[in-house]
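Chemist: Right, I'll just put the structure down here and ask away after.
The values are calculated or read from the model by the stated rules, or taken from the named source; none is laboratory data. From a predicted model like this one, the values you see are computed outputs, not experimental measurements. In this analysis, Cβ positions are derived from the backbone assuming ideal geometry, glycine residues included, and neighbour counts consider all displayed protein chains. Just so you know, the surface numbers come from the protein's heavy atoms only, side chains and all, with ligands and any DNA or RNA stripped out. Shrake-Rupley method; radii C 1.70, N 1.55, O 1.52, S 1.80 Å.
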Amino acid sequence: PVPGELSGDRTSWKSSRLRPSTRYEVTATARGPQGKTTTVTSAFSTLKPAAELDIVDVTPMAGETVGVGMPIIVTFNRTVQNKKAVERALRVRSTKPTTGAWFWAGDNTVIFRTENGEYWDPNQQVTFSAELTGVRAGKSTYGVDDFSRRFTIGDSHIVTASTKTKRLTVKENGRTVKSWPISAGKGGKVVNGVDVFLTTSGVHLTMGKENPAIMTSEWMGVDPKDKKNGGYREVIPHAVRISNSGEYIHSMAATVWAQGRRNVSHGCLNSPPAAAKWFYEYSYRGDPVIITGTERKLAWNNGWSYYQLPWSSWVAGSALDRTVRTG
């Protein structure tokens with residue numbers, strides 16, 4: 001089937017887009033005022049593109065229940081030269097309308113998120129679709145297939161944590177459901193001008209879960225056996241990742257004595273084992289985790305920390321320089 005429209009005077013019909021590398025046949029019948037009819041047929045093939053544009057990955061997963069901060073991350077199989085044409089082909093529909101925008105984080109990755117300070121409304125369905133068939137994405141490069149994915153926004157889980165009060169609180173749909181003492185980053189390890197042992201302050205999003213997570217000092221170039229220079233290797237249960245720089249909300253029985261009193265971690269939010277297990281089982285991917293109290297600011301591209309970018313800058317990252325109203 002080919003989508004198209006008949007002209008107002010019903011004398012012509014125009015298709016909106018055709019699939020590359022495809023043979024089509026058209027039959028048209030015209031009828032005159034006296035009832036005489038004429039039928040014509042035509043057959044043709046569309047060009048075979050030198051390169052095809054495909055979507056190779058979309059986050060979140062199909063059917064996944066996610067948090068109210070969840071972005072839609074779309075990765076293509078190649079560089080997109082004509083970003084305007086491709087962005088025009090992207091659609092976001094939600095049961096409850098919201099305002100968002102696309103942002104090109106690279107030549108083959110585009111991300112949708114809602115407006116700063118406004119997350120998805122909880123408990124609704126969201127559908128992402130890409131009408132890429134026939135879209136010219138670059139020189140001799142065309143989309144050949146459409147794509148669609150549906151997922152669910154669950155309850156609103158908003159996590160707040162202060163490295164000063166050393167306490168974490170979880171609200172569900174605006175109501176506090178749990179709170180516990182934490183121990184955040186102790187600071188004191190400066191690499192390239194950044195104190196990497198400080199917890200980052202800003203709007204994080206939960207990204208995934210590991211049970212256990214293996215944490216070592218190799219990320220900062222220190223052998224785990226080199227204890228004198230801060231080497232470590234820890235097997236951590238019930239860990240929920242909140243950044244790409246190694247920050248988690250996780251269980252740490254060894255620092256229960258410090259939780260609520262002192263910051264002694266390498267940047268993570270150490271939590272009592274029972275609370276960490278509860279959060280591991282409770283949280284969705286895409287739950288906002290808002291941390292305050294440190295001088296180390298969370299970078300907008302440190303994981304899914306896209307809400308760190310001002311809204312005007314995010315919209316400017318759209319090839320069309322526009323906001324999108326879902327619904």
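Chemist: Just the residues that are part of a helix (DSSP H, G or I) and charged (D, E, K, R), please, taken from segment 240-281.
Modeler: Answer for segment 240-281, where residues must be part of a helix (DSSP H, G or I) and charged (D, E, K, R): Lys277, Glu281.
Chemist: Another question, then. Kindly list, by first and then second residue, each pair from a residue in segment 25-53 that is farther than 30 Å from Thr75 by Cα and acidic (Asp, Glu) to a residue that is at pLDDT below 95 and surrounded by 10 or more Cβ atoms within 10 Å (Cβ to Cβ), limited to pairs with Cβ atoms under 7 Å and residues at least 6 apart or on different chains.
Modeler: none
Chemist: Looking at segment 215-231, is at least one residue modelled with pLDDT of 95 or more and part of a strand (DSSP E or B)?
Modeler: No, segment 215-231 has no match at all.
Chemist: Examine segment 249-256 for a residue that is of a type outside the set (Gly, Ala, Ser), in contact with a Lys or Arg (Cβ under 9 Å, 6 or more places away or on another chain), surrounded by fewer than 23 Cβ atoms within 10 Å (Cβ to Cβ) and at pLDDT 90 or above, and state whether such a residue exists.
Modeler: yes
Chemist: Quick check: is even one residue across segment 33-45 touching an Asp or Glu at 6+ places or on another chain (Cβ under 8 Å) and of a type in the set (D, E, K, R)?
Modeler: No: zero hits.
Chemist: Hey, among the residues in segment 165-208 that are of a type in the set (Ser, Thr, Tyr), assigned to a loop (DSSP other than H, G, I, E, B) and surrounded by 18 or more Cβ atoms within 10 Å (Cβ to Cβ), which one's nearest to the chain's Cα centre (by Cα)?
Modeler: Of all residues in segment 165-208, those of a type in the set (Ser, Thr, Tyr) come to 165, 169, 176, 179, 183, 199-201, 206.
Checking the rest, the ones that are also assigned to a loop (DSSP other than H, G, I, E, B) come to 165, 199-200, 206.
Of the ones still in play, those that are also surrounded by 18 or more Cβ atoms within 10 Å (Cβ to Cβ) are 199-200, 206.
Details: Thr199: 22, Thr200: 20, Thr206: 11 Å.
The extreme case among them is Thr206.
Chemist: Right, something else. Could you tell me whether Trp278 is open to solvent by 10 Å² or more (accessible area, probe 1.4 Å), without any contact (Cβ under 8 Å) to a residue 40 or more places away in the chain and not acidic (Asp, Glu)?
Modeler: It is false that Trp278 is open to solvent by 10 Å² or more (accessible area, probe 1.4 Å), without any contact (Cβ under 8 Å) to a residue 40 or more places away in the chain and not acidic (Asp, Glu).
Chemist: Of the residues Thr95, Thr79, which is among the hydroxyl-bearing types (Ser, Thr, Tyr), open to solvent by 50 Å² or more (accessible area, probe 1.4 Å) and farther than 24 Å from Leu309 by Cβ?
Modeler: Thr95
Chemist: Do we have Asn173 as over 18 Å from Ala299 (Cβ atoms) and out of contact with any strand residue (DSSP E or B) (no Cβ under 8 Å at 6 or more places or on another chain) here?
Modeler: yes
Chemist: In addition: Please give the number of the condition Ile242 fails out of (1) under 19 Å from Trp304 (Cα atoms); (2) at pLDDT 90 or above; (3) in contact with a Lys or Arg (Cβ under 8 Å, 6 or more places away or on another chain).
Modeler: (3)
Chemist: Just one of Met70, Met61 is open to solvent by less than 50 Å² (accessible area, probe 1.4 Å), in contact (Cβ under 8 Å) with a residue 60 or more places away in the chain and either under 16 Å from Arg113 (Cβ atoms) or of a type outside the set (D, E, K, R) (or both); which is it?
Modeler: Met70
Chemist: While we're looking at this one, here's another question. Restricting attention to segment 139-164, report how many residues are open to solvent by less than 30 Å² (accessible area, probe 1.4 Å), under 22 Å from Pro288 (Cβ atoms) and among the hydroxyl-bearing types (Ser, Thr, Tyr).
Modeler: Total meeting the criteria: 3.
Chemist: Now, a different point. For segment 281-327, enumerate the residues that are hydroxyl-bearing (Ser, Thr, Tyr) and in contact (Cβ under 8 Å) with a residue 60 or more places away in the chain.
Modeler: Across segment 281-327, the qualifying residues are Tyr282, Ser283, Tyr284, Thr292, Thr294, Ser305, Tyr306, Tyr307, Ser318, Thr323, Thr326.
Chemist: Going through segment 128-153 one residue at a time, which ones are outside any strand (DSSP E or B) and out of contact with any Gly (no Cβ under 7 Å at 6 or more places or on another chain)?
Modeler: To start, the set of residues in segment 128-153 that are outside any strand (DSSP E or B) comprises 131-135, 139-140, 144-146.
Once the filter is applied, which keeps residues that are outside any strand (DSSP E or B) and out of contact with any Gly (no Cβ under 7 Å at 6 or more places or on another chain), segment 128-153 yields Glu131, Lys139, Ser140, Val144, Asp145, Asp146.
Chemist: Give the residue that is most open to solvent (accessible area, probe 1.4 Å), with candidates limited to residues of segment 19-42 that are over 30 Å from Ala137 (Cα atoms) and of a type outside the set (Val, Ile, Thr).
Modeler: The residue in question is Arg31.
Chemist: Restricting to segment 211-247, what's the tally of residues that are in contact with an Asp or Glu (Cβ under 9 Å, 6 or more places away or on another chain), surrounded by fewer than 18 Cβ atoms within 10 Å (Cβ to Cβ) and of a type in the set (Ser, Thr, Tyr)?
Modeler: So the answer is 1.
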